Each structure stands twice: as C-alpha cells, then as structure tokens.
Amino acid sequence: GMAADAPWPSGAGPRLGRPLLGVSRDEILAYLQKRKIPWRKDATNDEPLFLRNRIRPTLRRWERWRPGFFARMAQTAQIFRDEEEYWRRRLVPSREGHRRKNTPFRLDIAPFLRYPIVEQRRRLRHLFGLVHFESVERVRALAAAPSGGSPRGPLDLPGVRVARAGRFLLFRYRRPGT
C-alpha cells in the first residue's frame, strides 16, 4: 500500500528515501539531456514478468484519456504518506514501550470503542502491528462483541494472539515460527 513509501521508524531498519517520487520521467529525462548526463534504462522494465511492467501500458492509456492522472495520483500518494507520518509519530512511542515486555499488552475495550472507527483501525495497525485489513476487523469485532457473546476468540493472527479477558483485549506477541 501507500504506507510502503513512508519512512521506517527510527531503529526499525533502513530508512527509505524517495526524493524523485514527485518528479515525472519526462522531467528527469529533460534534466539529464539538458546537462548531457548519460542515463541507463533498466532492461527489466520491459519484461512482463513483473506486475508493475504489465500495468504500465494501462496507466499510460489513463493518462492519455485523463490528462493529469499521474499528477493527481502523485498528490494522492503524498496525502497518504503525510497521514501515515502523522499516525506514526502519534502512535509509535506507545507501541515500542509495549513490545519490549514479555507480558501481554492489555487494551481497555471501552475507551478503545469510543474512538471513531478510522482511529480504531489506525491504532490496531500502528500500536499492535496488525497489517491485514481482515485481522484489524476481526479484532474490532472481538472488542465490540458483548461480553460472553460471539465472536469470543482467541484470535490467532500473524505474530500475535488476541484474547478477550473481561473488559480487556490481551495481545500476546509470538516470535516468528512459534
């Protein structure tokens, strides 16, 4: 998704820089030609083996049919990156503190359910590492279910087991392969 273009949190691995993301191919080529700077074309860009190469002709047609399509998509991607950065800065410090502990993290259900749905989803994604929409929605359903009602859980999700215990959801992280 668009979040893939966002920088990695400090200490989480390499930082990804995309300084030319907002510059078109034509602008880059014009810059290089004007300055007589040689460039190379990656031969794999013509191979249909990769999905990105198979969809390029379709995207070029969309740009012909709707001039400005690429610019609008670049603006939309920037909005998504800005939103991801906002949530990363707002929520990551809490997540890092909880992940270091060997005990399960307890999420108080009542305050969580008072957040708007979009913030519930973001909190689950950023604080608990739930990246799949289905996983997020299953946890939200577990939180919203009446106590003792269905769905009860526990939920075995990638990297984490989520169980309901009274007024809390318990998140117990698993090491890869366990």
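Give, in nm to one decimal, the length gained when the segment between Ile37 and Ala165 is fully stretched (0.36 nm per residue of separation minus the Cα-Cα distance).
Result for the pair: 39.7 nm of gain on full extension.
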For the pair Phe69/Arg52, report the inter-label distance in nm, with labels modelled 7 Å from Cα in the Cβ direction. 1.9
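Can you tally the net charge around Gly166? Count Lys and Arg as +1, Asp and Glu as -1, for every other residue whose Cβ sits under 12 Å from the Cβ of Gly166.
Taking every other residue near Gly166 into account, the sum is +2.
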Spin-label point model (7 Å from Cα, Cβ direction): what's the Thr103 to Arg174 distance in nm? 2.3
Other residues with Cβ under 14 Å from the Cβ of Phe70 give, with Lys and Arg +1 and Asp and Glu -1, a net charge of +4
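All of the numbers you see were taken from the coordinates with simple rules; none came from a lab. None of these values were measured; they are calculated from a predicted model. Heads up, the Cβs are rebuilt from the backbone with ideal geometry, glycines too, and the neighbour counts pull from every protein chain shown.
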